[in-house]
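Reviewing the structure listed below.
The values are calculated or read from the model by the stated rules, or taken from the named source; none is laboratory data. Since this is a predicted model, take the numbers as computed values, not measurements. Heads up, the Cβs are rebuilt from the backbone with ideal geometry, glycines too, and the neighbour counts pull from every protein chain shown. We work out accessible area using only protein heavy atoms, side chains counted, and drop any ligands, DNA or RNA first. Shrake-Rupley method; radii C 1.70, N 1.55, O 1.52, S 1.80 Å.
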Amino acid sequence: MSKKIHTTRNHSIPEYSVKITKQKGIRMRVTPQGKLIIHANPFCTKESIEKFIQEHVDELYFPLKSSSVRLFGRSFQIRKVTGSSNHVSTCEHELIIQAKDCTLMEKVYQDFLKQTAKDVLSDISDMIFLRVQPILTKKPKILIRRMSSSWGVCHPDKGSITLNSELIHYPVEFIEYVICHEFIHMIEPNHSPAFYAQLCKVMPDYKRRIDLIETSNEKQYLM
């Protein structure tokens, strides 16, 4: 069973799942993914479970999935602090996640990544469209979502391009290349000589930009 976040007496009660056991009393643990699991016998009421969480939640550590992150090709160590607001900022080589409650750290972090992907990829798309305008007269609709096997997908029939939100972890020049690549696909659907002729015309240094990523697994997504 799953619960929404509640607030009682200024204490946050995080989302949790209940596993029924035969043991006496209540126990709780946090999974490596940051999920709160309550172990309780079938006679424990919702009120007693949430009172227990309220009294002991400060003892729990809700981990982020990583202690570091790469943004636009730069590495940042993640530092978590509590404060009066939910906010993410960078300072030199640190990415500072501030949250009102330790249980909100992962959500604040993921919301930051999602909003950053939306803002930055949209802005770069606007800029790259100016470069391809002589051959592409109408700007495609830009969609952003997480994908496991592609940096971008072109949909000429729908007039849209889907970009992988994970692009924000890579250098801006590489992001520009991926977006330009997909824009050219709007008029040249295959990797034909005509496609590469148009790509080279719009972005002569595209091969250098491809080499900004490090592994063959990453590069194969461009094929």
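Annotations for the structure displayed:
- Residue match in segment 213-223 (condition: on the phi < 0 side of the Ramachandran plot, modelled with pLDDT of 90 or more and surrounded by fewer than 19 Cβ atoms within 10 Å (Cβ to Cβ)): no
- Extreme residue, farthest from the chain's Cα centre (by Cα), among residues of segment 81-121 that are surrounded by 14 or more Cβ atoms within 10 Å (Cβ to Cβ) and of a type in the set (Gly, Ala, Ser): ALA99
- Within segment 145-156, the set of residues being open to solvent by less than 30 Å² (accessible area, probe 1.4 Å), within 15 Å of the chain's Cα centre (by Cα) and at pLDDT 90 or above comprises TRP151 only.
- Remark: pairs (first residue in segment 157-182, part of a helix (DSSP H, G or I) and open to solvent by less than 30 Å² (accessible area, probe 1.4 Å); second residue modelled with pLDDT of 95 or more and among the polar types (S, T, N, Q); Cβ separation under 8 Å; 6+ apart in sequence or on different chains) = ILE168/THR116; ILE179/SER125.
- Look at segment 75-96: where a residue is within 17 Å of ASP111 (Cβ to Cβ) and among the charged types (D, E, K, R) and a partner is part of a strand (DSSP E or B) and open to solvent by less than 80 Å² (accessible area, probe 1.4 Å), sitting 6+ places away or on another chain with Cβ atoms under 6 Å, you get LYS80/ILE97.
- Annotation note: of SER75, SER17, SER89, SER85, the sole residue that is of a type in the set (S, T, N, Q), at pLDDT 90 or above, farther than 23 Å from HIS169 by Cβ and not in a helix (DSSP H, G or I) is SER85.
- Search result, residues across segment 56-72 that are over 15 Å from the mean Cα position of the chain (by Cα) and at pLDDT below 65: ASP58, GLU59, LEU60, TYR61, PHE62, PRO63
- Here ILE179, ILE187, ILE175 are screened, and the one residue that is modelled with pLDDT under 95 and of a type outside the set (S, T, N, Q) is ILE187.
- For the criterion of being under 28 Å from TYR206 (Cβ atoms) and loosely packed, with under 15 Cβ neighbours inside 10 Å, LEU130 passes.
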